[in-house]
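Asks: Have a look at the structure that comes next, please.
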Amino acid sequence: MRLKNNVPDMTDVAFGLTGELVPEGYAFALWQEVARCLPWLEADEFAGIIPLRAAASGDKLLLPQRTKLVLRLAVELAPQAKSLSGQELDVGGNTLRVGEAVERPLTPHPTLHAQLVEGAVEEEAFLAAISDRLREMEIACKLVCGKRQAITDATRRVAGYSLVLHDLKPEGSLHIQRAGLGGSRHFGCGIFVPHKNISGLS
């Protein structure tokens, strides 16, 4: 089902995840492995993987025991996505085993956070572009820009800023969770989650 501005109705599908480590630039390899198991995802511009909760451990990231692999995708694709359960993913030489899936419908929250929104190098230019885009989407809110962030591997780099949106109305909150901001959605960029679910703005 298509909603405002031809954006599909979206949902989160959360999978249990068993594994210990992933490389710092895991986002590219993780998407590649998920798309290997669910090849129809590649053509979906709105689908993405919410960044994993992880802690730095040398040149790798340590995964807590309760880490979830969460896909954000169109509601009608959720049943197909659940076939990812039981698969093994090779993420930079680290094996991750995918557990059972639970669907988590999106709900409105007044404050949302994205770990990385792809955009301009200069903060002022980044915020101006984001403000323009929000006006186009008819979303009224306040912005708090965090530190410049980047995800990299041996051949690719995606950079931008972490971003908090607050004072969102329910309709705007749902729309930005469905539509996201910026590019590189497949790698977790521009995907917004409730601010209460994160440790803080970084």
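The values are calculated or read from the model by the stated rules, or taken from the named source; none is laboratory data. Bear in mind the structure is a predicted one, so any value in this text is a computation, not a measurement. Reconstructed Cβ throughout: ideal geometry from the backbone, glycine too, with neighbour counts over all protein chains shown.
Asks: Name the pairs: first residue in segment 144-167 and polar (S, T, N, Q), second residue surrounded by fewer than 16 Cβ atoms within 10 Å (Cβ to Cβ), Cβ to Cβ under 7 Å, at least 6 apart or on different chains?
Replies: Hits for this filter: Ser162/Lys147; Ser162/Leu201; Ser162/Ser202.
Asks: Right, next: Condition test on Ala114, is it under 20 Å from Gly183 (Cα atoms), of a type outside the set (Val, Ile, Thr) and without any contact (Cβ under 8 Å) to a residue 24 or more places away in the chain?
Replies: Answer is no for this residue.
Asks: If you don't mind, another one. For Thr67, are the conditions met, namely being within 15 Å of Gly99 (Cβ to Cβ), among the hydroxyl-bearing types (Ser, Thr, Tyr) and surrounded by fewer than 17 Cβ atoms within 10 Å (Cβ to Cβ)?
Replies: no
Asks: Can you name every residue in segment 85-119 that is over 30 Å from Lys60 (Cβ atoms) and surrounded by 15 or more Cβ atoms within 10 Å (Cβ to Cβ)?
Replies: Correct list: Leu106, Pro108, His109, Pro110, Thr111.
Asks: Just wondering, is there one or more residues in segment 164-183 that are over 28 Å from Phe28 (Cβ atoms), assigned to a loop (DSSP other than H, G, I, E, B) and either β-branched (Val, Ile, Thr) or in contact with an Asp or Glu (Cβ under 6 Å, 6 or more places away or on another chain) (or both)?
Replies: Looking through segment 164-183, none of the residues is over 28 Å from Phe28 (Cβ atoms), assigned to a loop (DSSP other than H, G, I, E, B) and either β-branched (Val, Ile, Thr) or in contact with an Asp or Glu (Cβ under 6 Å, 6 or more places away or on another chain) (or both).
Yes or no, residue by residue, for (1) free of Cβ contacts under 8 Å to residues at least 40 places away in the same chain; (2) assigned by TED's automatic domain parsing to the domain that holds Asp153; (3) touching a Cys at 6+ places or on another chain (Cβ under 9 Å):
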| position | (1), (2), (3) |
| --- | --- |
| Glu45 | no, no, no |
| Arg53 | yes, no, no |
| Ser57 | yes, no, no |
| Lys68 | no, no, no |
| Leu77 | yes, no, no |
| Gln80 | no, no, no |
| Ser85 | no, no, no |
| Val98 | no, no, yes |
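Asks: From (1) touching a strand residue (DSSP E or B) at 6+ places or on another chain (Cβ under 9 Å); (2) of a type outside the set (Asp, Glu); (3) in contact (Cβ under 8 Å) with a residue 12 or more places away in the chain, pick out the condition that doesn't hold for Trp40.
Replies: Of the numbered conditions (1) touching a strand residue (DSSP E or B) at 6+ places or on another chain (Cβ under 9 Å); (2) of a type outside the set (Asp, Glu); (3) in contact (Cβ under 8 Å) with a residue 12 or more places away in the chain, the odd one out for Trp40 is (1).
Asks: Check Gly92, Gly48, Gly25, Gly86 and return the single one that is small (Gly, Ala, Ser), under 19 Å from Asp153 (Cα atoms) and modelled with pLDDT of 95 or more.
Replies: The conditions single out Gly48.
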